[in-house]
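Remarks on the structure that follows.
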Amino acid sequence: MGYDVSDKLEWTTIFILEFGRKHGLSMKQAFGYLSRFKAIDFIDRHYGYVHTQSFASIIEDMTDFCRRKGGQLV
């Protein structure tokens with residue numbers, strides 16, 4: 001299923017902001033961390049699923065995902 005690029009971008013931007021808030025990171029730091037540990041790629045590939053989840057749930061899931069890839073955020 002195709003998604004509107006602007007909707008996908010808006011959701012992803014809000015996710016990055018909320019992820020950063022949860023972990024005490026700036027938007028730039030959160031984006032860098034999520035990019036480094038491939039969470040942005042995961043979100044892009046699986047947007048159909050992730051955008052249906054609560055931000056709290058997907059932040060927890062992506063924190064665990066990054067941790068499994070070597071990320072150190074708690």
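At pLDDT below 95 and in contact with a helix residue (DSSP H, G or I) (Cβ under 8 Å, 6 or more places away or on another chain): which single residue out of Met62, Met1 fits that description? Step by step, each of Met62, Met1 is checked, and only Met1 is at pLDDT below 95 and in contact with a helix residue (DSSP H, G or I) (Cβ under 8 Å, 6 or more places away or on another chain). Looking only at the stretch 16-24, decide whether some residue is within 9 Å of the chain's Cα centre (by Cα), surrounded by 11 or more Cβ atoms within 10 Å (Cβ to Cβ) and aromatic (Phe, Trp, Tyr). Scanning the stretch 16-24, I find at least one residue that is within 9 Å of the chain's Cα centre (by Cα), surrounded by 11 or more Cβ atoms within 10 Å (Cβ to Cβ) and aromatic (Phe, Trp, Tyr), so the answer is yes.
Kindly indicate the residue of the stretch 23-43 that is assigned to a helix (DSSP H, G or I) and touching a residue at least 24 places away in the same chain (Cβ under 8 Å) and also farthest from Asp4 (Cα to Cα) among those meeting that condition.
In this case the residue turns out to be His23.
The values are calculated or read from the model by the stated rules, or taken from the named source; none is laboratory data. Please read all numbers here as calculations on a predicted model, not as lab measurements. Cβ: placed from backbone, ideal geometry, glycine included. Neighbour counts: every protein chain shown.
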